[in-house]
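Novice: Before we start, here is the structure in question, set down as structure tokens.
The values are calculated or read from the model by the stated rules, or taken from the named source; none is laboratory data. Because the structure is a prediction, the values reported are computed rather than measured. For neighbour counting, all protein chains shown are included, and Cβ atoms are generated from backbone atoms with ideal geometry for every residue, glycine included. Please note that ligands, DNA and RNA were not included when accessible areas were found on the heavy atoms of the full protein model with its side chains. Shrake-Rupley method; radii C 1.70, N 1.55, O 1.52, S 1.80 Å.
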Amino acid sequence: MATSIELFIKEMQDLLQPDEVYIMDGSQEEAERLTSLAQKSEVDGRVVLKKLNVQEYPSSYYHRSNPNDVARTEHLTFVCTPTKEQAGPNNNWLEPSSAKEKMMGLLKGAMKGRTMYVIPFVMGTPQSKYAKNCVQVTDSVYVALSMRVMSRVGKQAVERISNSSDFFRGIHSIGDVNPDRRFIMHFPHENLVMSFGSGYGGNALLGKKCYSLRIGSYLGYQEGWLAEHMIIIGVQAPDGKVTYFLGAFPSACGKTNLALLEPVIEGYKVWTLGDDIAWVNVGEDGQLYAINPEAGFFGVAPGTGVNTNPVMMRTLKNDKFFPTLFTNTAVDNSNNIPWWEGVSKEIPSDLTDWQGQKYDKNSDKPAAHLNSRFTVSIYNCPTLSPEYDNPSGVPISGIIFGGRRRSTIPLVYEAKNWNAGVFTASIIGSETTAASTEQVGAVRRDPMAMLPFCGYNMGDYFQHWLNIGKKAKKLPKIFMVNWFRKDEDGKFMWPGFRDNSRIIKWMIDRVEGKTGVVESEIGLFPEDNAIDLNGLDIKKETMAKLLRVDKEDWKKEIVMIEEFYAKFGNKIPQELNNYLAELKNKLGV
Ligand code: GTP
Ligand code: SPV
Ligand code: MN
């Protein structure tokens with residue numbers, strides 16, 4: 001009798017009508033074969049991969065996408081639950097049967113003349129009870145290679161899936177890369193995603209945002225756990241003790257940088273476990289435990305350099321796991337290495353920009369696309385935590401939330417308890433970035449940094465967070481940070497990047513009860529001189545400005561929060577409405 005996976009492949013063959021079917025095995029030989037094939041293949045009029053200078057960046061390849069396909073397309077992303085209310089005002093919704101009909105129309109015969117890559121993969125370390133089984137089909141060799149880096153593809157996945165019908169199904173075709181025929185459709189109730197017309201990360205690597213967050217958050221809601229847009233780090237103090245943190249920041253707001261942080265403070269070290277997604281369960285001892293379902297980084301290139309993120313520069317130059325892909329950066333023709341703004345001070349004189357044109361140094365446009373990215377295995381990361389593959393995950397002592405805000409939100413504060421923390425995370429606002437094809441720089445509400453990724457009604461999601469708080473016995477502390485405050489001249493007030501370790505050190509002191517707090521209207525502030533500023537040239541007045549409540553700004557903030565909450569009607573838990581009322585009261589609104 002055919003197994004469920006065989007039946008799925010047959011069904012996909014009938015629908016997509018590929019010339020050939022190739023089932024991925026995850027071997028090293030396969031990686032080499034597919035990268036060499038990709039160097040000979042053209043998609044959409046472009047060679048899929050070009051080899052870069054292996055002396056500088058071993059095992060690295062360059063990919064240039066269609067200029068219309070460089071970021072997630074939230075307006076073309078749908079959550080197709082039986083009712084609109086289940087998807088909530090935070091999602092675009094289509095009724096499942098008409099959504100499927102639309103997708104079937106696009107997918108029918110879409111792989112004629114192409115190879116269908118069947119990718120069996122596991123999200124999470126295969127030994128973990130928290131790991132999940134998945135299969136994606138795609139006609140893009142770039143997507144197939146990227147999935148090998150970002151997830152655990154091959155034998156172990158096939159073994160786990162072979163006798164089970166319980167696996168995620170992802171159907172992807174790059175189609176003709178036409179934005180008018182581009183859709184990313186989620187069917188949480190069927191553990192299914194259909195994606196057509198884009199080869200870009202979050203739209204096409206279906207194990208990532210589509211499964212591990214949108215479908216995952218829905219599964220977590222059903223099963224009593226959380227799927228979050230979060231990094232996982234272990235911070236080692238001089239006494240050797242490691243404290244584990246989760247950190248949620250909207251897209252292109254500093255997760256990768258924080259996940260690979262090289263602290264400026266003597267004796268501290270950050271161990272990396274994840275830079276984008278965390279699955280958080282309540283462990284048997286009642287503490288929260290997190291695993292990273294992914295196996296690689298799909299990170300923002302611009303701004304990555306030896307000063308801002310030295311560990312990532314070392315990761316990109318490591319060749320343990322093959323290959324590393326660079327997408328839509330520029331290329332320095334003098335030495336055939338990828339180049340982006342921030343990797344060197346000097347702009348090389350012979351650059352090809354991300355669209356394949358000779359770059360004019362005097363141009364006011366960047367040479368690398370603002371959302372150009374690298375795809376690299378987490379096993380290449382020199383600070384990878386020895387606990388990364390621990391099937392139980394790591395116990396969490398603190399959760400850091402943040403947004404990109406030029407004003408209003410202080411550098412750091414702490415929520416007085418879990419429920420207050422859930423409220424604080426539910427009112428996060430952030431300026432939009434180039435990670436999504438929206439207007440860049442507009443402030444929008446982005447609760448828990450999950451607005452584009454929550455696969456069900458966000459009102460229910462808030463209640464789920466409160467319920468997790470009841471289910472767990474020992475809860476982490478919740479902190480709010482903002483690395484992005486600007487002064488009157490538009491300059492960042494806080495140095496950020498490696499200096500963020502100063503704030504993390506304070507958080508560890510808080511977890512250990514070594515330092516007190518000062519209460520304010522919005523939460524708990526550090527005591528005077530509690531943040532280690534040793535060796536940092538920052539004015540006392542600047543610190544004071546970074547650590548206070550601007551009442552007038554907060555009054556404006558309240559208006560935006562109320563507008564956002566209103567969209568959810570009676571779905572907002574009473575508990576959060578009470579916190580909002582309390583906040584208004586304290587601010588005198
Ligand atoms: P996704 O991969 O899209 O989910 O994003 P991410 O949160 O991992 O983004 P990443 O860490 O790559 O951040 C990208 C942008 O944030 C770059 O432009 C960085 O220069 C900037 N950035 C990161 N950390 C800091 C910081 O501490 N201060 C300032 N000012 N900018 C930062
Ligand atoms: C993000 O946009 O939050 C990313 C990149 O991490 S993507 O995989 O496209 O979602
Ligand atoms: Mn992300």
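Novice: What lysines does LYS470 reach when the alpha-carbon gap must be under 20 Å and sequence neighbours fewer than 8 apart in one chain are set aside?
Specialist: LYS416, LYS571
Novice: Of the peptides 205-211, 153-159, how do they stack up when ordered by the mean number of other Cβ atoms within 10 Å, highest first? Write down the numbers at each step before the final one.
Specialist: Values: 205-211: 28.9, 153-159: 19.6.
The most tightly packed comes first, giving 205-211, 153-159.
Novice: Excluding PRO382 itself, calculate the net charge of residues whose Cβ lies under 12 Å from the Cβ of PRO382, where each Lys or Arg counts +1 and each Asp or Glu counts -1. Mind showing how you got there, number by number?
Specialist: Working: positive: LYS269, ARG314, LYS317, LYS320; negative: GLU262.
Surrounding charge for PRO382 is +3.
Novice: Over region 320-437, what is the relative contact order in percent, taking alpha-carbon pairs closer than 8 angstrom and at least six residues apart?
Specialist: 23
Novice: Tell me the carbon and sulfur percent of the accessible area for region 297-380, rounded to whole percent, probe radius 1.4 Å. Walk me through the intermediate numbers first.
Specialist: Details: 1740 of 3570 Å².
Result for region 297-380: 49 percent of the exposed heavy-atom area is carbon or sulfur.
Novice: Same structure again: Just for the Cα atoms in region 360-406, what are the lengths along the principal axes, largest first, rounded to whole Å?
Specialist: Computed over the Cα atoms, the extents are 52, 31, 14 Å.
Novice: Okay, moving on. Strictly over 24 Å apart at the Cα level, which of LYS255/LYS551; LYS209/LYS491; LYS40/LYS255; LYS365/LYS491 would you flag in this model?
Specialist: LYS255/LYS551; LYS209/LYS491; LYS40/LYS255
Novice: Size of the dipole of region 426-475 about the Cα centre, Lys and Arg at +1 and Asp and Glu at -1 on the beta carbon, nothing else charged, in debye to 20?
Specialist: Working: 6 positive and 4 negative charges, 97 e Å.
That gives a dipole near 460 debye.
Novice: Only four residue types carry charge here, +1 at the Cβ of Lys and Arg and -1 at the Cβ of Asp and Glu. Report the dipole size of the chain about the Cα centre in Debye, rounded to the nearest 20.
Specialist: 280
Novice: With an 8 Å cut-off on Cα pairs and a minimum separation of 6 or more residues, tell me the relative contact order of the chain in percent.
Specialist: Rounded, it is 15 percent for the chain.
Novice: Determine the per residue accessible area of the chain with all protein chains present and a 1.4 angstrom probe, expressed in square angstrom. Present the calculation step by step, with values, prior to reporting the outcome.
Specialist: On the way: 22670 Å² over 589 residues.
Using a 1.4 Å probe on heavy atoms only, each residue of the chain averages 38 Å².
Novice: Given the options TYR565, PHE525, LEU536, identify the residue whose Cα lies farthest towards the positive end of the charge dipole of region 522-578 (+1 on Cβ of Lys, Arg; -1 on Cβ of Asp, Glu).
Specialist: TYR565
Novice: Within the set of other residues whose C-beta is less than 10 Å from the C-beta of ARG444, count the net charge using Lys and Arg as +1 and Asp and Glu as -1.
Specialist: -2
Novice: Let me ask something else. Using alpha carbons only, how many angstrom separate the centre of region 302-332 from the centre of region 1-40?
Specialist: Using only Cα atoms to place each centre, the spacing works out to 29 Å.
Novice: Same structure again: For the chain, what is the calculated [θ] at 222 nm in deg cm²/dmol (nearest 500), taking -39500 (n - 2.57) for each run of four or more DSSP H residues and dividing by its residue count?
Specialist: -7500 deg cm²/dmol
Novice: Next up: Which one, ALA368, PHE326, GLN355, is farthest towards the positive end of the dipole of region 297-380 when Lys and Arg carry +1 and Asp and Glu -1 on their Cβ?
Specialist: So the residue we want is PHE326.
Novice: Would you mind putting 129-139, 537-547 in packing order, based on average other-beta-carbon counts within 10 Å, highest first?
Specialist: In decreasing order of mean packing, 129-139, 537-547 become 129-139, 537-547.
Novice: If packing is taken as the mean number of other Cβ atoms within 10 Å per residue, what is the order of 166-175, 505-514, 247-256, 580-589, highest first?
Specialist: Per-residue Cβ counts within 10 Å, averaged per peptide and sorted highest first, yield 247-256, 166-175, 505-514, 580-589.
Novice: Leaving out same-chain residues fewer than 8 places away, which aspartates and glutamates sit with a Cα under 14 Å from that of LYS471?
Specialist: Straight-line reach from LYS471, under 14 Å: GLU223, GLU284, ASP285.
Novice: Quick one: check the C-alpha center-to-center distance for region 112-152 versus region 229-289, whole angstrom.
Specialist: Region 112-152 and region 229-289 have Cα centres spaced 26 Å from each other.
Novice: Then there is this: Roughly how far apart, in whole Å, are the Cα centres of region 421-479 and region 373-411?
Specialist: When both Cα centres are located, 16 Å separates them.
Novice: Now for a separate question. Which far-off residues, 5 or more places away or on another chain, put their amide H under 5 Å from the one on ILE400, with H placed in the peptide plane?
Specialist: Under 5 Å from the amide H of ILE400: LEU246, GLY247, ALA248, PHE479.
Novice: Using only C-alpha atoms and all pairs of different ones, pull out the Kirkwood radius for region 297-380 in Å with one decimal.
Specialist: Answer for region 297-380: a Kirkwood hydrodynamic radius of 13.0 Å.
Novice: Need the full-extension length gain, ASN578 to LEU533, defined as separation in residues times 0.36 nm minus the C-alpha distance. One decimal, nm.
Specialist: So the extension gain works out to 12.5 nm.
Novice: Can you work out the FRET efficiency for the pair GLU552 and HIS75, with r the C-beta to C-beta distance and R0 = 25 Å, to the nearest 0.05?
Specialist: 0.15
Novice: I'd like the Karplus ³J(HN,Hα) series for region 79-93: coefficients 6.51, -1.76, 1.60, θ = phi - 60°, whole numbers in Hz, and an x wherever there's a Gly or Pro.
Specialist: So the Karplus estimates, Gly and Pro as x, are 10, 9, 8, x, 10, 5, 5, 5, 6, x, x, 7, 10, 6, 10 Hz.
Novice: Considering Cα pairs under 8 angstrom that are at least six residues apart, work out the relative contact order of region 297-380 and quote it in whole percent. Display every interim value, and only then the final one.
Specialist: On the way: 141 pairs, mean separation 37.5, N = 84.
Over region 297-380, the number comes to 45 percent.
Novice: Within a Cβ distance under 13 Å of PRO120, other residues only, what is the Lys/Arg minus Asp/Glu net charge?
Specialist: Working: positive: LYS132, ARG148, ARG152, LYS155, ARG160, ARG169; negative: GLU6, ASP25, GLU30, GLU159.
Charge balance in the 13 Å sphere: +2.
Novice: Taking amide hydrogens as modeled 1.01 Å from N in the peptide plane, which residues meet the under 5 Å criterion relative to PHE168, leaving out close sequence neighbours?
Specialist: ASN133, CYS134, VAL135
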